[in-house]
Amino acid sequence: MSTGEIRSSNILRIGSSTLVELEEKVKALRTINLNVKKRRFIICREDIKVASGEVIIPKGSDIDISKVMLLKRHFKPEHQIRTFQPDEGIVLVSDMSTPVGIQFSMDLVTQVMNIGGGAYEAFIDRVDSFKEFAALYNKALFPKLAVVGYIPPQPERIKEEMAFYQLIARTDPYIRMLEIMHTQIKPHPVIPRMRNIAINPEDRDSWKRFILEIITEYTKAYSIEQR
C-alpha cells in the first residue's frame, strides 16, 4: 500500500461496501446486536435500481439479510453499495492538559487526520479521557475504533481511566481499541491486554506502521467474538 493510496482513496471504506462486505456485516450484526447496548444497523444511502430502472431497495432502507439476498440476485459480489452506519469513525483518547500530552496528542491527531488526505476529518474525534469517551458513546453516532494515546501517569488518574475503560468494554465489547506507546513519552502501556503499537521517533517508518495498523484494525471483518 503506497503513501498516495493511504492519503487519497477511501482506504477506511467509510460509507461504501461491496456486496460481499455488506453480507458479512449484516450477518455479523445480527449476533453483535444481541450483546450490545446500542444497536448497529446499515442503511442504504441511495435508491438501488436494476437494469430496467426499477428501484428494488429505496434510499433510507434498513438493509437486512433478505435485502442482501435480493441484491445478490441482481449484482456481482464486487458491486459497490453506498451505505450509512452509526458506528463509523475514530476517537482519539489522549489527554492534552500538559505540554507532553499536547505534543503526543497532536502528533496522533495529525497522523490520523492525514489518512485519506483529510477526507475523514468529520469522522475523527478527540477526547481527554475514557470518561469523555463514555459520554461520546451515548450519542447517536459512535466510533468503530478508539486509539488510546497519552494518559497522565498519576495512579488516581489511571485508576479512573481503567474504571471507565472497563465500563465501555462491558457495555460494548465490539468497539475496537488500540493503545499507542512512545519510546520517550509513554514507554509502557496503560491498559492491560489491549492491543498496542509503539512509536519510535528515531525510526522514520514508525509512523507509517502506525497508520497501517490503524487501517488494518479499522477495516478488518466484523468479529462475532467478544473481547
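None of the figures in this text is laboratory data; all of them are computed from the coordinates on show. Owing to the predicted nature of the structure, the values given are computational and were not obtained by experimental measurement. Ideal geometry is used to build each Cβ from the backbone, glycine not excepted, and the neighbour counts take in all protein chains shown.
Kindly flag which residue pairs out of Lys131/Lys186; Lys38/Lys186; Lys67/Lys131; Lys37/Lys76; Lys67/Lys220 have an alpha-carbon separation exceeding 29 Å in this structure. Spell out each step's value before the answer.
On the way: Lys131/Lys186 20 Å; Lys38/Lys186 33 Å; Lys67/Lys131 38 Å; Lys37/Lys76 34 Å; Lys67/Lys220 23 Å.
Result: Lys38/Lys186; Lys67/Lys131; Lys37/Lys76 exceed 29 Å.
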Name the shape class, rounded, prolate or oblate, that the alpha-carbon gyration tensor gives for the chain, where a ≥ b ≥ c are the square roots of its eigenvalues, rounded holds for a/c under 1.5, and otherwise prolate holds if a/b is larger than b/c and oblate otherwise. prolate
Given a Förster distance of 30 Å, the FRET efficiency implied by the Cβ-Cβ spacing of Lys37 and Asp205, rounded to the nearest 0.05, works out to 0.15
Using only the Cα atoms of region 3-84, build the gyration tensor, take square roots of its eigenvalues as a ≥ b ≥ c, and label the shape rounded, prolate or oblate: rounded if a/c is under 1.5, else prolate if a/b is larger than b/c, else oblate. oblate
Distance in Å, no decimals, from the C-alpha centre of region 170-227 to the one of region 114-157 is 13
Computed over the chain: longest principal axis from alpha-carbon atoms vs helix 65-74 long axis, angle to nearest 10 degrees, is 60
